Amino acid sequence: MSIPTTSAEAQTSVATGVLFVHSCPRALVPHVEWALAREIGKVVKLDWQPQPLLPNMMRTTADWRGLPRTAAAVATSLFGWQQLRFEITENQRSSGDAQRIMYTPALGIFTMQTDASGNALLTENAIRTVLDEAAGDVAAIERGFAIALGEAWDRELDPFRAAEEGDATIFVLPRLNAG
């Protein structure tokens, strides 16, 4: 698959984004690369680093370029793999919306439309649904918007996003004698 780049019309059919793999078992590393390569039409060799928060796990970040809806195709290919945590973005184009897709084994997959700066966008129908289902209950409105914005995924992925070498230091605590 070749990516057109010569005319303005062809440029609008090219999508770009970023794949963040926050945790991946070593055995799945080549499978993640193959899935991305299949969707963008190029051989992929990513720069993997150890994930400081989870022993024997790897992480990587990769900019990608492909056809529109590549992020959804990659997410579909990676969806459901145990211990894999990832996010993939697709940047806004003149002919399409931007999106961010997040996946964790515990929560599954979440997709949101975003603006050019990466802010989540809620449609009028999504807002109306939250307000209608909450029936004036402020706590229910807050829960509804938290769900609509994918806050549970952000909470689970935030430690992996911010992990630095040395974060996984284990301290040996002295045993206390209960008797």
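For the reader, a short list of remarks on this structure follows.
- Among residues other than Ser23 with Cβ under 9 Å from its Cβ, the summed charge is +2 (Lys and Arg +1, Asp and Glu -1).
- Three-way shape label, the stretch 76-158, alpha-carbon gyration tensor, a/c 1.5: oblate
- Cα coordinate range in the stretch 8-121, projected on the principal axes (Å, largest first): 45, 31, 21
- Charge dipole of the stretch 32-73 about the Cα centre (unit charges at C-beta), most positive-ward option of Leu46, Leu67, Val32: Leu67
- Spin-label pair His31-Ala140: with each label point 7 Å from Cα along the Cα-Cβ axis, the two points sit 4.2 nm from one another.
No lab work stands behind these numbers, since they all come straight from the coordinates. These figures come from a predicted structure and were not determined experimentally. No Cβ is skipped: glycine too gets one built from the backbone with ideal geometry, and neighbour counts run over all protein chains shown.
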